[in-house]
Amino acid sequence: MDIAALRQSWSQLAVAGPEAARFFYATLFVIAPETRAMFPPNMQHQEDKLLASLGHIITSLDDGEALTAFANRLGADHRRFHGEDRQGRMVHLAERHYMWVGQALLGTLEHFLGPRWTPALKAEWSAAYEAVAKMMLTGAAESERSAPPYWEAEVVNLERRRVDICVFTVRPNYLCNYLPGQSLPAQLPSLHTWRYLSPANAPRADGTLEFHVRATGRFSTHLVRRLAIGDTLLLGHPMGTELSSYDRAPHRPLLMIAGGTGVAPLRAVLEAIQQGSGRPVTLVVGGRTPDDLYDHLALTKLAATPPAGLRPGTGDDRWLRYVPTVENSWGWDGEVGRAVDTALRLGSWNNADILVCGSPAMTRATVGTLHSNGLRAEQVLTESYDHTVYPPVKATAAPASRDFSWTGSR
Ligand code: HEM
């Protein structure tokens, strides 16, 4: 495989900017109109996601095992894409679609590269695309043996905790196995776009999942304002490897720093610890005002619940030190300041694993402060929620919004 030739031609295509993405999708939808149904109705802001990722992945073929693992997982995840075509038939992503996407990709390269698109280069691109498509199809076939393409989950409980925050529980139609700290792509069939949500609970015997959502965009605002008991949400395959690796060194102290609905995945981890080892944890939850501490009651209750494995009278049942902190202390007699500053006041944490979860801005600022206080990058676990980007990005490097820009460069 001539990776250098693939990369060079890919960067030549990138010069065309969003026009290349428009051409790619126009070609795809002409060759294979049924694929249109799988994409969001309004693709203005996200139309370069598939094409940009395709290029990055294909021009990374020399990454070996890392790329194979990523493409296998991406293929398994792609099983969730589906939609209703113009005749009202449900179209699910299948093997034939890979051929059409490949044709649209090659057609786009041919159109924009002009005379630089030689038969030799075409052969390189065909072989590289086929290799990646095969990896994705292998991942899809493997996941077919153990999981549905997506789960249909009924809303069984709903609480509006604040005008912009709701907490709801869903019951999926099949058991959905996830690790505490992971997140799942979720779709409201009426909106037809996918966004990531993190369960706030450790896996339960009845399979139900609790989600916390703050209204920040169209999808989340719809959930907060319009979701009702009995509605159905579709859930894709669980993703995320960082927060869920919280137990990689159980002998170390564990510090968690949360902001906003970033509390949710950390609460799932805490519930798992309470049900398991009862390992000591310090959780600092920050807000601007006391009103931001929307999950305060549940966390207080969790902190007062002894670890399941602790036999009465055999040890200290105060396994969780829960420290809420606010920046604007009016009407508040607890800790004051940003969550990270409060956490640094509570201990030195040189030997701790530190989980950080909040908005991208809060996460970046928190990790920056930890580093400038001498804590090492490898101590800190964060999740980027851009699980489909190759090469994978750290939360601190992820874009603030999910509107990917077309750069075409590595
Ligand atoms: C080698 C082949 C492919 C690669 C590398 C690839 C890669 C990607 C990536 C990375 C995303 C972003 C996912 C996300 O943000 O959640 C994506 C989205 C998507 N892909 Fe693929 N894909 C491939 C083939 C296909 C095929 C064959 C189809 C079927 C037509 C397809 C349909 C979609 C759809 C519907 C989306 C969601 C787009 C959106 O919500 O904006 N992909 N793809």
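The values are calculated or read from the model by the stated rules, or taken from the named source; none is laboratory data. Quick caveat, the model's predicted, so the values are computed rather than measured. Positions of Cβ are backbone-derived with ideal geometry, glycine not excepted, and every protein chain shown enters the neighbour counts. Areas reflect the complete protein model, heavy atoms only, side chains present, ligands, DNA and RNA absent. Shrake-Rupley method; radii C 1.70, N 1.55, O 1.52, S 1.80 Å.
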ask   = Ranked by accessible surface with a 1.4 Å probe, highest first, in what order do Glu65, Glu383 come?
value = Glu65, Glu383
message = Assuming 0.36 nm per residue, please report the length gained on full extension of the stretch Ala127 to Ser11 beyond their Cα-Cα distance.
response = 39.9 nm
ask   = Modelled label-to-label distance, His371 and Ser53, 7 Å Cα→beta-carbon offset: nm?
value = 2.6
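Rounded if a/c is under 1.5, else prolate if a/b beats b/c, else oblate: with a ≥ b ≥ c from the C-alpha gyration tensor eigenvalues square-rooted, which is the stretch 3-144? Mind showing how you got there, number by number?
Numbers: a/c = 1.88, a/b = 1.19, b/c = 1.58.
It comes out oblate by the Cα gyration axes.
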query = Applying 1/(1 + (r/R0)^6) with R0 = 25 Å to the Cβ-Cβ distance of Arg318 and Ser245, what FRET efficiency is obtained, to the nearest 0.05?
reply = 0.50
Mean Cβ count within 10 Å, highest first, over the residues of peptides 195-205, 1-11 = 195-205, 1-11
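Please state the relative contact order of the stretch 243-384 as a whole percent: Cα pairs under 8 Å, 6+ residues apart? Walk me through the numbers on the way to the answer.
Working: 240 pairs, mean separation 43.4, N = 142.
Computed value for the stretch 243-384: 31 percent relative contact order.
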remark   = Once normalised by the length of the chain, the mean sequence separation of its alpha carbon contacts under 8 Å that are 6 or more apart gives a contact order in percent of 15
key: Spacing of the two label points (7 Å from each Cα toward its C-beta) at Glu19 and Arg288, in nm   = 4.3
key: Rounded to the nearest 10 Å², the accessible area of Lys301 at probe 1.4 Å   = 150
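Calculated FRET efficiency, Ala26 and Lys134, Cβ-Cβ r, R0 22 Å, to nearest 0.05? Before the final figure, lay out the partial values.
Values: r = 26 Å, r/R0 = 1.20.
My answer for the efficiency is 0.25.
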key: Rg in Å to one decimal, and Dmax rounded to a whole Å, for the chain via C-alpha atoms   = 23.1, 80
ask   = For the residue pair Gln87 and Lys301, what label-to-label distance in nm results when each label sits 7 Å from Cα along the Cα-to-beta-carbon direction?
value = 5.2
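Starting from the residue with the highest accessible area, list Thr300, Thr282 in decreasing order, probe 1.4 Å.
Working: Thr300 65, Thr282 10 Å².
The ordering from most to least exposed comes out as Thr300, Thr282.
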request  = With a 1.4 Å probe and every protein chain left in place, tell me how much accessible area Trp332 has, in Å² to the nearest 10.
outcome  = 60
message = Taking R0 as 41 Å, what FRET efficiency do you get between Glu152 and Glu378 from their Cβ-Cβ distance, rounded to the nearest 0.05?
response = 0.55
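How big, on average over all directions, is the shadow cast by the Cα convex hull of the stretch 38-104, in nm²?
Averaging across all directions leaves 5.4 nm² for the Cα convex hull.
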request  = Any chance you could look up the accessible area of Phe81 with a 1.4 Å probe, heavy atoms only, rounded to 10 Å²?
outcome  = 40
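Per the Kirkwood treatment, what hydrodynamic radius in Å, one decimal, follows for the stretch 151-235 from the mean inverse distance over all distinct Cα pairs?
When all Cα pairs of the stretch 151-235 are included, the Kirkwood radius is 12.7 Å.
Would you list Asp164, Asp247, Asp295 from the most to the least accessible area, probe 1.4 Å? Don't skip to the answer; put the middle values down first.
Values: Asp164 30, Asp247 70, Asp295 5 Å².
These residues rank, largest area first, as Asp247, Asp164, Asp295.
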request  = Leaving out ligands and nucleic acids, note down the accessible area per residue over the chain with a 1.4 angstrom probe, in whole Å².
outcome  = 47
ask   = How many percent of the accessible area of the chain is carbon or sulfur, using a 1.4 Å probe?
value = 53
